[in-house]
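Each remark here refers to the structure printed beneath this line.
Taken together, the values in this text are just the output of simple stated rules run on the coordinates, not laboratory data. If you're wondering where the values come from, they're calculated on a predicted model, not measured in any experiment. Cβ: placed from backbone, ideal geometry, glycine included. Neighbour counts: every protein chain shown.
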Amino acid sequence: MFFGCLIFSFYLHRYVSAYYQINCAKITFSLKIYKKVITIKKTAIITLLFLSMTTMMSNVAIVTALPRFQDYFSEIQNIEFYSRLMLTLPSVIIALFSPFLGHLIFKFGKKKSAITALTIFALTGSAGLYLETVEMFLLSRALFGIAIATLMIVSTSLVGDYFQGEARHKFMGYQSAFMSIGGVVFVVGGGFLSDIDWRLPFGIYLIGFLLLPMVIYFLVEKQQEELKQDDVTVVPTNLIGVYFLGFFYMTIFFILPTQLPFLMINEFHASGKLTGSIIGVAFLANGVGAMYFSKFKKKYSFSTIYLIALTICAVGLTAISFVYNVYFFFLTGILLGFGGGVMMTNISAWMLSKTTFEKRVKASGYLTSSVFLGQFASPILFYPVVKSLGIHDFFLAVGVFLFVIVLIGSLYKKLA
């Protein structure tokens, strides 16, 4: 699993490096200095890609283990809620602590922060191999969220350090593709392992220890400069609507890993391998949707693209309620993944279009908080609906609700 990603990253790195070298003619560095910079970046780029991949692993590796986790602790009251909280607790920790961690990373250093976070990532992520109480499971997931938040901040800031202009935009596209591939590998791998024992998917997080030598020896951190710190308590008011749309998007998209496994395993008696494969295909489609965003943007506005993507998700969710053959979930997963990929990329680009260079980092932090707060809120908001309607009719209700939202949004655009 690990070496498969390494091979993929090697060929991706060669492609990105070729593109970067071609475009470096536009940068006014001396040849000697230019070669030195490129050499450093070649030794660091694969490490940066793997650091980015760990942020995708925050939840997907254990999604297929949760139904069996629920069975193991079946005597615990409200275990259905706690099993879903296992998946989303790291998200709320990321949403709450990211602004504070940003200041600590700035003072402590990105490389040291990455080393510390990877250690915590491996220790707390793999704790499910041996923990025996629900309380300790939830505590380990909370600490795991702090590690993920740190790795996200470090990865994002290093992309800004290593690349500029069009080269940065291109690399971010390849980075998203690599993260999607990583999501597929780990969710499918988690599915296979959960069929052997429900605890084994937690062992996937031990990959953090494998990445530590790469970070120690290859990761390059530019010397910190004295920068003026903005007031992080001020929320850019012209972006509140975009933040809400990011929150709403994630509450819907996160139905996929938090609700679908329970439908497939409990009602369709699907294996962990099949469930993981279907969710993995959805993550792959998510990466494809993200890369297709630029084609949509040539023809449509941000708000129109949001409604288009929401419609695709509505079709996928509604179709789930009519599925009676488990293999049709592959099709619904593709719809949900593709629509979600277009939607999230659209939201990020929308935010960037409304910010200046000086405010972009702060605005990105608030958007990240909004998105991960949506991950945390998703099972909490939808748990009573699932309890009332049942898991099967729940998907139909949400699909119809999204169609109503699209209709209202379309009418509003015409009247505005």
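Of the chymotrypsin sites (Phe, Trp or Tyr not before Pro) found in the range 306-412, the ones in coil according to DSSP and having at most 14 other Cβ atoms within 10 Å of their Cβ are Phe322, Tyr324, Phe357. Quick check on my link table: of Lys297/Lys414; Lys295/Lys413; Lys112/Lys295; Lys110/Lys297; Lys299/Lys413; Lys295/Lys354, which ones sit more than 28 Å apart, alpha carbon to alpha carbon? The pairs that break the limit, which is 28 Å between Cα atoms, are Lys112/Lys295; Lys110/Lys297.
Computing FRET efficiency as 1/(1 + (r/R0)^6) for Tyr300 and Ser388, where r is the C-beta to C-beta distance and R0 is 35 Å, gives about 0.45.
In this rough spin-label picture, where each label sits 7 Å from Cα along the Cβ direction, the Phe100-Phe73 distance is 2.4 nm.
Computing FRET efficiency as 1/(1 + (r/R0)^6) for Leu206 and Ser410, where r is the C-beta to C-beta distance and R0 is 60 Å, gives about 0.80. Quick one: Cα centre-to-centre distance for the range 188-223 and the range 95-142, in angstrom? Cα centroid of the range 188-223 versus Cα centroid of the range 95-142: 14 Å apart. Short-range pairs are left out: with C-alpha atoms under 8 Å and at least six residues apart, the relative contact order of the range 231-416 is 37 percent.
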